[in-house]
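This report concerns only the one structure given below.
The values are calculated or read from the model by the stated rules, or taken from the named source; none is laboratory data. Just so we're clear, the structure is a prediction, and the values are computed from it rather than from any experiment. Reconstructed Cβ throughout: ideal geometry from the backbone, glycine too, with neighbour counts over all protein chains shown.
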Amino acid sequence: MIKRFILFFLLLDNFVVQSLKKLFPHAYRIKGKCKMCGQCCEEILLKMTPRQMNSKFFRDLVVRWLSWLYGFIFIRYDTERYYLVFTCRHRGGQGKCQNYVWRPNICRNYPLVDYFDKPVFLEGCGFSSSAGSSDRNRIKG
Ligand code: SF4
Ligand code: SF4
């Protein structure tokens, strides 16, 4: 119950942020659609700062929090690139999500599109990107 309550507010926050982003479009536009292969659920990488990564207390706290809240399963620390690497207990057969309604924002917003960097996709992913018409010249330049 507490978990659903927290998730509800996180979903609301995500809705507001994504709505605002529509007012300031990214330089790249996402094309295609999800093929539901489940590849992006196999390893979930969460970026940390070097300072966060070097704090055992903070690292453990984040791992425990995300495991409890999202059902993520911690796999390893990537100490060279500063990522926490998880997989997910909600992965169902044939790549289907078994927690679709309550899936975290990181899953809802995937593939993530940065404002300036060209998006990167997993091999075989159904999504790709193209430059938005208003920003085509800026990217090429
Ligand atoms: S890798 Fe791409 S196509 Fe496969 S589940 Fe993730 S978003 Fe969908
Ligand atoms: S919650 Fe669903 S979409 Fe997100 S990582 Fe887990 S299985 Fe994939």
Among residues of region 17-39 being surrounded by 10 or more Cβ atoms within 10 Å (Cβ to Cβ) and aliphatic (A, V, I, L, M), the residue farthest from ligand 2 (Cβ to nearest atom) is Ala27
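Quick check on Leu12: is it within 17 Å of the chain's Cα centre (by Cα), more than 27 Å from Glu123 (Cα to Cα) and not in a loop (DSSP other than H, G, I, E, B)? Lay out the reasoning, then the answer.
Values: within 17 Å of the chain's Cα centre (by Cα): yes; more than 27 Å from Glu123 (Cα to Cα): yes; not in a loop (DSSP other than H, G, I, E, B): yes.
The answer is yes for Leu12.
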Among strands (runs of 3 or more DSSP E) lying entirely in region 42-141, which contain 1 or more residues that are among the hydrophobic types (A, V, I, L, M, F, W, C) and farther than 30 Å from Lys22 by Cα? 72-78
Among the residues of region 20-50, how many are in contact (Cβ under 8 Å) with a residue 60 or more places away in the chain, away from ligand 1 (no atom under 12 Å from the Cβ) and closer than 30 Å to Val63 by Cα? 1
Every residue in region 111-120 that is without any contact (Cβ under 8 Å) to a residue 40 or more places away in the chain, away from ligand 2 (no atom under 16 Å from the Cβ) and closer than 15 Å to Cys40 by Cβ, please. Val120
Looking at region 24-35, is at least one residue outside the structural domain of Asn109 (by TED's automatic domain parsing), within 20 Å of Asn109 (Cα to Cα), modelled with pLDDT of 85 or more and not in a loop (DSSP other than H, G, I, E, B)? no
Checked region 108-135 for anything modelled with pLDDT of 80 or more and either in contact with a strand residue (DSSP E or B) (Cβ under 7 Å, 6 or more places away or on another chain) or of a type in the set (Gly, Ala, Ser) (or both); matches are Pro111, Lys118, Pro119, Phe121, Gly124, Gly126, Phe127, Ser128, Ser129, Ser130
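Taking the options Arg76, Arg89, Arg51, Arg103, name whichever one is over 25 Å from Asp13 (Cβ atoms) and either within 16 Å of ligand 2 (Cβ to nearest atom) or exposed (fewer than 12 other Cβ atoms within 10 Å of the Cβ) (or both). If you could, list the steps in order and put the result at the bottom.
Numbers: Arg89 fails: over 25 Å from Asp13 (Cβ atoms); Arg51 fails: over 25 Å from Asp13 (Cβ atoms); Arg103 fails: over 25 Å from Asp13 (Cβ atoms).
Result of the check over Arg76, Arg89, Arg51, Arg103: Arg76.
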